[in-house]
Amino acid sequence: MTEPPSPDEHLTAAELAAKYGLTVSGARPSLAEYVRRLWGRRHFIVAFSQAKLTAQYSQAKLGQLWQVATPLLNALVYYLIFGLILDAGRGMTKDVYIPFLVTGVFVFTFTQSSVMAGVRAISGNLGLVRALHFPRASLPISFALQQLQQLLFSMIVLVAVACAFGSYPDLSWALMVPVLVLQFLFNTGLALVMARLGAKTPDLAQLMPFVMRTWMYASGVMFSIPIMLQDKPAWIADVLQWNPAAIYMDLMRFALIDGYGSENLPPHVWAVAAGWAALVAVGGFVYFWKAEERYGRG
């Protein structure tokens, strides 16, 4: 007597999986399903970002005051070098240039920190990635949210500087809210792109500080692009003004500083700001999702 042949004997692995409803562990879900799972982890994303923010300066005696002190000290150094020695504030009074510079440093630091945190979002949290099953996009989004919380804390000082130099609250200050929303979307998309690249090439974390420093100097953090480049071909100033970092800085300056009018902004600036945010946020999310099953492996 012999056992009867198994009904599964001649089935391929794919046919067996289909028959018994098996799926590949860690397989990438559809985009809609991925978004649904990510929404289900929204409380984790918020809690993780708050925990990271609290732990960031836990060993320092001044604690979270360094969130404000670091960009403020950078602004002071830039003012001494660019404002006093190199006269980068030409065409602006001191009451305009100092809030102009501080705003630029704070707003660009928001993007810079989001990018740098994104680079290490996967490669710096491999233990978490390999131990738990969750949408990996939770990590770079959480780090971008952490940087937004840090900027909101720093806005207290930014508002105080603006008021100290004659820019007082009015209706234009309400424009800061859509500016921050658009920049946050842009930064999140950029963090997602850098998280995927950083997961594959950890050495990217060593290169990015040089890239970000170049981007900072090209974005008009310390000077007005149209004034500084008025004797150069017009297309150079146009290219620099249309880059997203410059767009969000100038919109924040326009909202916050009384002496910084719309003549300093490129045409259709709000449409461009929204376009950059939508393009990078959606494109970065899809780009990150396409490699979902590869994070933490190899």
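The values are calculated or read from the model by the stated rules, or taken from the named source; none is laboratory data. These figures come from a predicted structure and were not determined experimentally. So basically every Cβ, Gly included, is an ideal-geometry build from the backbone, and we count neighbours across all protein chains shown.
Some points to look at:
- Criterion applied to Phe254, Phe184 was being within 26 Å of Leu151 (Cα to Cα) and over 17 Å from the mean Cα position of the chain (by Cα), and the one residue passing it is Phe254.
- The stretch 249-268: number of residues that are farther than 13 Å from Gln183 by Cβ, surrounded by 15 or more Cβ atoms within 10 Å (Cβ to Cβ) and either touching a strand residue (DSSP E or B) at 6+ places or on another chain (Cβ under 7 Å) or free of Cβ contacts under 8 Å to residues at least 60 places away in the same chain (or both): 3
- Some residue of the stretch 20-29 being at pLDDT below 80 and assigned to a helix (DSSP H, G or I): yes
- Of note, Phe134 does not satisfy the criterion of being within 24 Å of Tyr260 (Cβ to Cβ) and either touching a residue at least 60 places away in the same chain (Cβ under 8 Å) or of a type outside the set (A, V, I, L, M) (or both).
- Test result for Leu251, under 25 Å from Ser138 (Cβ atoms), at pLDDT 95 or above and either touching a Gly at 6+ places or on another chain (Cβ under 7 Å) or assigned to a helix (DSSP H, G or I) (or both): no
- When each of Leu152, Leu126 is tested for being surrounded by fewer than 15 Cβ atoms within 10 Å (Cβ to Cβ), over 17 Å from Arg297 (Cα atoms) and out of contact with any helix residue (DSSP H, G or I) (no Cβ under 7 Å at 6 or more places or on another chain), the lone residue that passes is Leu152.
- Taking the criterion of being within 27 Å of Met194 (Cα to Cα), touching a helix residue (DSSP H, G or I) at 6+ places or on another chain (Cβ under 6 Å) and not aliphatic (A, V, I, L, M), the residues of the stretch 226-282 that qualify are Gln241, Pro244, Tyr248, Trp276.
- Scan of the stretch 254-298 for residues that are of a type outside the set (A, V, I, L, M, F, W, C), farther than 18 Å from Ile141 by Cα and at pLDDT 95 or above, ordered by number: Gly275
- Restricting attention to the stretch 138-181, the residues that are outside any helix (DSSP H, G or I) and either at negative phi or among the basic types (Lys, Arg) (or both) total 5.
- Candidates Tyr97, Tyr34, Tyr79, filtered to the one that is assigned to a helix (DSSP H, G or I), surrounded by 15 or more Cβ atoms within 10 Å (Cβ to Cβ), of a type in the set (Phe, Trp, Tyr) and touching a residue at least 40 places away in the same chain (Cβ under 8 Å): Tyr34
- Taking the criterion of being over 16 Å from Leu190 (Cβ atoms) and in contact with a Ser or Thr (Cβ under 9 Å, 6 or more places away or on another chain), the only residue of the stretch 268-286 that qualifies is Val269.
- Being at pLDDT below 90 and either acidic (Asp, Glu) or on the phi < 0 side of the Ramachandran plot (or both) holds for only one residue in Gly118, Gly104, Gly89, and it is Gly89.
- Qualifying residue in the stretch 174-183 (condition: of a type outside the set (Asp, Glu), under 19 Å from Arg120 (Cβ atoms) and without any contact (Cβ under 8 Å) to a residue 24 or more places away in the chain): no
- Criterion: under 30 Å from Leu132 (Cα atoms), at pLDDT 75 or above, of a type in the set (Ser, Thr, Tyr) and assigned to a helix (DSSP H, G or I) - qualifying residue of Thr54, Thr70: Thr54
- Condition broken by Thr201, with the remaining ones in (1) at pLDDT below 90; (2) over 29 Å from Gly91 (Cα atoms); (3) surrounded by 20 or more Cβ atoms within 10 Å (Cβ to Cβ); (4) not aromatic (Phe, Trp, Tyr) satisfied: (3)
- Selection status of Leu192, more than 21 Å from Gly40 (Cβ to Cβ), crowded, with 19+ Cβ neighbours inside 10 Å and either among the hydroxyl-bearing types (Ser, Thr, Tyr) or modelled with pLDDT of 95 or more (or both): no
- With respect to (1) of a type outside the set (D, E, K, R); (2) free of Cβ contacts under 8 Å to residues at least 60 places away in the same chain; (3) part of a helix (DSSP H, G or I), the lone exception for Ala273 is condition (2).
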